[in-house]
1. Please determine, in degrees from 0 to 90 and to the nearest 10, the orientation of helix A:128-137 with respect to the longest principal axis defined by the Cα atoms of chain A, where the helix direction is its Cα long axis.
2. Taking amide H positions as placed 1.01 Å from N in the peptide plane, with prolines and chain starts having none, which residues 5 or more places from B:ALA158, or on another chain, fall under 5 Å of its amide H?
3. Of A:GLY44, A:THR65, A:GLY177, which is farthest on the positive side of the dipole of chain A, counting Cα position, with +1 on Lys and Arg Cβ, -1 on Asp and Glu Cβ, and the Cα centre as origin?
4. Measuring with a 1.4 Å probe in the full set of protein chains, what accessible area per residue, in whole Å², belongs to region A:72-123?
5. Looking only at region B:85-115, which residues have a backbone nitrogen under 12 Å from a spot 7 Å from the Cα of A:GLU112 in the C-beta direction?
6. Compare B:SER149, B:SER117 by solvent-accessible area with a 1.4 Å probe and give them largest first, with all protein chains kept in place.
7. Does anyone have the angle between helix B:2-12 and the longest principal axis of chain B? Alpha-carbon axes, 0 to 90°, nearest 10?
8. Only Lys, Arg, Asp and Glu count, each charged at its Cβ (+1, +1, -1, -1), so figure out the dipole size of the protein assembly as shown about its Cα centre, rounded to 20 debye.
Amino acid sequence: MIPVLLPATLACLGDPPPDPGEIRGATYVEPLAKPDFVLTATDGSDFDFRTETDGFVTLLFFGYTHCPDVCPVHMANIASVLDELAPRVANRVKVVMVTTDPARDSLPRLREWLDNFDTGFVGLTGDTATVNRIQRELRMPPAFAQETGDGSYAVAHSAAVVAFTEDNRAHVRYPFGIRQADWAHDIPLLVERDWSGL
Amino acid sequence: MRSCILLAGLILSGCGERAAEPAVVEAGLEVYSPAAVSPVSDLASVYFGVVNRGTTDTLVAVDVGELGVASIHTMLEEGGAARMVPVELIEIAAGTGVQFRPGSYHVMLNEVTRGLSSGDTIVVSLRFAKAGSVDVATPVLTYSEMIESVEALSGSGAIP
């Protein structure tokens, strides 16, 4: 009986587990350089991205607080996984969200929104020209506002999280749809693997 | 022998996933796993699944009364950019269903008049062209709880 049932049971577990060394995010053919910019953090201070994130795995996302769906789900997934990871891994990760809606995202509002997920997440705001330049450097289309027909607007923006590793380059990005299990698999690899020669 | 019974049980129960029970059954419509989330005090999103066991009907609006302004959106990703698109109507043919979930259909609540906290319950009225309004008691969850709820419903096979 067991030989008959075993294959069906294994099928329930899904596909065979991937090679633990195989990253689940989408890898860039050519890694991206870490962009050089200074924006304003939620406490009003200047945040020099290269200086502040040097030596950390940095997950960079462009979004806005009126985003009801993609942005909070990304943030919630990352926060939940960082909570579960060993501190020696989680403490080497910074999460940075740059608002694509500076007109509505005041610093207190950005802070309130991020605190829903993790009080350590960094929120940044700045002028549109700078934010557009950063997105272009990361090969993302610059975000743009779009009327929703009810007198308000939504902001179209890249739904991907860009992951910079300790070598200060981005080798991997995470499109929307990436799940907590994928983050839990990949974050330790982003932290512990030596990406410098890749 | 015990292991045989255990293995058989796993298979019969669909890999351990429990069949979802509808939260509301009314006028031939079944509403599954309603969930609201609120990342800031003036904004919330609502997710659920609907199965139409009656004749073809159309979801024409969602209403939360004085709590806020509700609208249905979906998400489209084009040219590397994700954007929200308002949705006027969702036809649900007899015997089919639709699931509101992140990255797809969602109800957006704007101008929310009172802060929503995990543990609160709000009433969300789904207005159908034929069936009329179906009121759904919708718990406010954390984002992690909502994601878990949505994934459980997706895996349950309850939405044809």
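1. So the inclination is approximately 30 degrees.
2. The answer is B:ALA20.
3. In chain A, that residue is A:GLY177.
4. On the way: 1990 Å² over 52 residues.
So region A:72-123 comes to 38 Å² accessible per residue, rounded to a whole number.
5. Under cut-off, by backbone N: B:111-115.
6. On the way: B:SER149 30, B:SER117 65 Å².
Accessible-area ranking of B:SER149, B:SER117, largest first: B:SER117, B:SER149.
7. With rounding to tens, the tilt is 40 degrees.
8. 520
The values are calculated or read from the model by the stated rules, or taken from the named source; none is laboratory data. Just so it is clear, the structure is predicted and the values come from calculations on it, not from any experiment. When we count neighbours, we look across all protein chains shown, and the Cβ atoms used for this are built from the backbone with ideal geometry, even at glycine. Surface accessibility is based on the protein's heavy atoms, side chains included, excluding ligands, DNA and RNA. Shrake-Rupley method; radii C 1.70, N 1.55, O 1.52, S 1.80 Å.
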